[in-house]
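The values are calculated or read from the model by the stated rules, or taken from the named source; none is laboratory data. Here the structure is a predicted model, which is why all the values come from computation and not from measurement. Here the Cβ is made from the backbone with ideal geometry for all residues, glycine too, and neighbour counts use every protein chain on show.
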Amino acid sequence: MSTRVQKKLNSGFSKKPEPSEILAGKELSGKVAVVTGGYSGIGLETTRALAAAGVKVYVPVRTPDKAKENLKDIEGEVIVDAMDLGDLASVRGYAASVTDRESKLDLLINNAGIMACPEARVGNNWESQFAVNHIGHFVLTQKLRGLLLNAGSSRVVCLSSIGHRRSDILWDDIQFESADYEKWTAYAQAKTANALFALGLDMKYRDQGIQAFSVHPGGILTPLQRHLPNEEMMALGWTDADGNISEQVAALFKSTTQGCSTTLWAATSDALADTGGLYCEDCDVSNLATQDSPRFCDVAPWAVSEEGAMKLWELTEKMLAE
Ligand SMILES: NC(=O)c1ccc[n+]([C@@H]2O[C@H](COP(=O)([O-])OP(=O)(O)OC[C@H]3O[C@@H](n4cnc5c(N)ncnc54)[C@H](OP(=O)(O)O)[C@@H]3O)[C@@H](O)[C@H]2O)c1
């Protein structure tokens, strides 16, 4: 299996830097970004930080009322339009509307996601976590590729998760047609797909100016956990019986602002200027996981496999053609 060299750069940031530390000294005015899910949790803070730095930020939204409320105090230029990643006609329409208004796109942050939800099917009977987290972003990126190329030098950041370490792509049963649906395996598969998509994009387009990275943002309490009953959060050691956050979570988890810092680092760091396709965590490139890796860091070989990236790319194109 060929993988990119996944090795920490020792970028010099603490484990929990704030966005202002990551963007200090960066000249970003005049840049244009799209941030999917940029109105909740980590995405909202990504939008806030980029807009404050002078970036024009497009935020596609599927829940307009929530977006209006959450984005109301953001300073800077934020443009909100409807899009549902589970509805590919709306994804294509959204990309076309951005293409009508802009001549280039400097940053695409594929941040939106769903986690561990009950089994649901979208599009062509696709499993919903794979479809929303991966296929929707695959189509959005392909449709915005012309704008990314026009920028001359652009970056795409795909939100993966340490959860990817639970599963490779289920190559023979991606849609859970044979095996029973298991919500965490489905999330892991989708987050592996996010990392492989960033690698595949970088392999195909870096020489034309598009770099791509994947990111584990850390553990952050956000509406992402909406499908987890408190009993499950207790079993994970996150909460007590009354739903209060445990000391373990307080120590290990990041705030939502800290949670967007690795995204911002991957989107802007000069240390990444000559590379791409890498999986990042804690504002640094991640190490490749070994049997001795701690449970909550490092990247599994299958999520940075060049063969896996090309195989997933071809399979996704095939699914879209059916
Ligand atoms: N929080 C963590 O600990 C953690 C850890 C590892 C990785 N991540 C990754 O980080 C990313 C952001 O997560 P978060 O914690 O910030 O979660 P969040 O607060 O739930 O935000 C997710 C965003 O994605 C949007 N979204 C979901 N389904 C969509 C769809 N079909 N079409 C368009 N937008 C859709 C949501 O919109 P609605 O609000 O309208 O549903 C929301 O704005 C996710 O990709 C997640 O997998 C998070």
Q. In the range 1-50, how many residues are at pLDDT 95 or above, at positive phi and more than 13 Å from the ligand (Cβ to nearest atom)?
A. 2
Q: Assess whether His216 counts as being surrounded by fewer than 20 Cβ atoms within 10 Å (Cβ to Cβ) and either in the same structural domain as Lys183 (by TED's automatic domain parsing) or within 16 Å of the ligand (Cβ to nearest atom) (or both).
A: no
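Out of all the residues in the range 145-185, which are over 24 Å from Gly93 (Cβ atoms), within 12 Å of the ligand (Cβ to nearest atom) and of a type in the set (A, V, I, L, M, F, W, C)? Write out each step before concluding.
Within the range 145-185, the first condition is being over 24 Å from Gly93 (Cβ atoms), and the residues that meet it are 152-153, 155, 160-185.
The next check asks that each one be within 12 Å of the ligand (Cβ to nearest atom); those that pass are 160-165.
Within the range 145-185, Ile162 is the sole residue that qualifies.
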(Q) Please determine whether any residue of the range 207-215 is among the small types (Gly, Ala, Ser) and part of a loop (DSSP other than H, G, I, E, B). (A) yes
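What are the residues in the range 266-322 that are among the charged types (D, E, K, R), more than 19 Å from Ile109 (Cβ to Cβ) and surrounded by fewer than 20 Cβ atoms within 10 Å (Cβ to Cβ), if any? Steps first, please.
Of all residues in the range 266-322, those among the charged types (D, E, K, R) come to 270, 274, 281-282, 284, 292, 295, 298, 306-307, 311, 314, 317-318, 322.
Subsequent filtering for residues that are more than 19 Å from Ile109 (Cβ to Cβ) retains 274, 292, 295, 298, 306-307, 311, 314, 317-318, 322.
Asp274, Asp292, Arg295, Glu306, Glu307, Lys311, Glu314, Glu317, Lys318, Glu322 - these are the residues of the range 266-322 that are among the charged types (D, E, K, R), more than 19 Å from Ile109 (Cβ to Cβ) and surrounded by fewer than 20 Cβ atoms within 10 Å (Cβ to Cβ).
I'd like the residue in the range 219-235 that is free of Cβ contacts under 8 Å to residues at least 12 places away in the same chain and either within 11 Å of the ligand (Cβ to nearest atom) or not aliphatic (A, V, I, L, M) (or both) and, out of all such residues, is surrounded by the fewest Cβ atoms within 10 Å (Cβ to Cβ).
Pro229
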Q.
Which count do you get for residues in the range 124-148 that are in contact with an Asp or Glu (Cβ under 9 Å, 6 or more places away or on another chain) and buried (at least 18 other Cβ atoms within 10 Å of the Cβ)?
A. 7
Q) Between a first residue in the range 86-106 that is closer than 14 Å to Lys56 by Cβ and in the same structural domain as Asn133 (by TED's automatic domain parsing) and a second residue that is of a type in the set (Ser, Thr, Tyr) and not in a loop (DSSP other than H, G, I, E, B), which pairs have beta carbons less than 6 Å apart while being 6 or more apart in sequence or on different chains? A) Val98/Tyr58; Asp106/Ser154
Q.
Conditions first: (1) of a type outside the set (Ser, Thr, Tyr); (2) in contact with a strand residue (DSSP E or B) (Cβ under 8 Å, 6 or more places away or on another chain); (3) away from the ligand (no atom under 14 Å from the Cβ); (4) in a helix (DSSP H, G or I). Gln142 passes all but one, so which condition is the exception?
A. (2)
**Q.** Some residue of the range 219-226 being more than 17 Å from Cys158 (Cα to Cα), out of contact with any Gly (no Cβ under 7 Å at 6 or more places or on another chain) and among the charged types (D, E, K, R)
**A.** yes
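Quick check on my filter: what residues within the range 54-68 are of a type outside the set (S, T, N, Q) and within 7 Å of the ligand (Cβ to nearest atom)?
Let us first name the residues in the range 54-68 that are of a type outside the set (S, T, N, Q), namely 54-62, 64-68.
Those that are of a type outside the set (S, T, N, Q) and within 7 Å of the ligand (Cβ to nearest atom): Pro60, Val61, Arg62, Lys66.
Output the helices (runs of 4 or more DSSP H) that fall wholly within the range 12-117 and possess 1 or more residues being touching a strand residue (DSSP E or B) at 6+ places or on another chain (Cβ under 9 Å), of a type in the set (D, E, K, R) and surrounded by fewer than 21 Cβ atoms within 10 Å (Cβ to Cβ), or say none.
Working: elements: 19-23, 41-52, 64-71, 88-101.
In the range 12-117, the matching helices (runs of 4 or more DSSP H) lie at 64-71, 88-101.
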